[in-house]
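Reading through the structure tokens given below for one structure.
The values are calculated or read from the model by the stated rules, or taken from the named source; none is laboratory data. For clarity, every value in this text was computed on a predicted model and none was experimentally measured. We place every Cβ from the backbone using ideal geometry, glycine too, and count neighbours over all the protein chains shown.
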Amino acid sequence: MAEQKQRKTDRRTLYTRMVVKDALLELLSEMDYADITVATLCRKAEINRGTFYLHYDNLSQVMDELFTDALGSTHSMLFQIGCATAAEEKCAYPLCRFLRENKKYQPLFFSDTLHSQVIEKIASVNRNDFIAKLKNQTDLDEEALTALFLFQLNGCLAISKQNVHIADESWAHIQCSIDRFLKSGIQGLEEPV
């Protein structure tokens with residue numbers, strides 16, 4: 001009996017947390033994060049403030065959980081470069097592909113208000129892998145590799161946001177062009193100066 005009650009509680013908790021996160025994503029597509037309050041979120045999620053505070057201390061915790069959910073499936077995927085062929089349908093840059101295919105998370109990643117948080121969260125998950133991989137291929141120091149990482153990350157977010165509504169064929173062409181450009185840049189770093 002206690003185990004059955006625990007399962008129901010867990011299921012309800014998971015459901016409530018999902019409803020809150022989905023409501024926040026909906027609000028982010030309608031307004032700036034700075035304008036969202038707990039009361040606004042509760043109205044959108046159709047829950048009361050007591051229920052919200054039973055699960056979260058503040059909006060930042062909801063945001064952190066959303067980032068964890070989104071980035072959980074994208075770990076170590078930032079630095080994969082190179083189209084196999086010009087006709088390849090999907091880009092070889094998985095973050096851009098993730099952003100295009102997961103419309104649910106687009107308001108989170110494309111928010112101007114949250115841009116620095118997005119960069120910080122993605123960097124915390126991917127920076128070390130990026131630096132380690134390039135460190136083995138180039139003679140660049142960690143400071144230069146970090147700058148390349150942030151340049152590539154910001155570019156991916158910007159181009160994904162700008163082209164989110166174009167046709168898949170056009171997007172594939174743009175991605176392949178970017179992939180070829182990045183691959184040639186990496187090869188240029190590998191050559192001795």
Some residue of region 106-124 being modelled with pLDDT under 90, over 26 Å from Ala23 (Cα atoms) and over 11 Å from the mean Cα position of the chain (by Cα): no
Hits in region 28-59 (condition: touching a helix residue (DSSP H, G or I) at 6+ places or on another chain (Cβ under 7 Å), without any contact (Cβ under 8 Å) to a residue 24 or more places away in the chain and closer than 27 Å to Leu99 by Cβ): Ile36, Thr40, Leu41, Lys44
Subset of region 21-44 (residues that are of a type in the set (Val, Ile, Thr) and surrounded by 14 or more Cβ atoms within 10 Å (Cβ to Cβ)): Ile36, Val38, Thr40
Sole exception among (1) surrounded by 14 or more Cβ atoms within 10 Å (Cβ to Cβ); (2) over 23 Å from Asn102 (Cβ atoms); (3) at pLDDT below 90; (4) among the hydrophobic types (A, V, I, L, M, F, W, C) for Phe181, by number: (1)
Boolean, Ile186 is under 22 Å from the mean Cα position of the chain (by Cα), crowded, with 16+ Cβ neighbours inside 10 Å and in contact (Cβ under 8 Å) with a residue 12 or more places away in the chain: no
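For Thr16, indicate whether it is part of a helix (DSSP H, G or I), within 21 Å of Ser111 (Cα to Cα), modelled with pLDDT of 95 or more and hydroxyl-bearing (Ser, Thr, Tyr).
On the way: part of a helix (DSSP H, G or I): yes; within 21 Å of Ser111 (Cα to Cα): no; modelled with pLDDT of 95 or more: yes; hydroxyl-bearing (Ser, Thr, Tyr): yes.
Criteria not met by Thr16.
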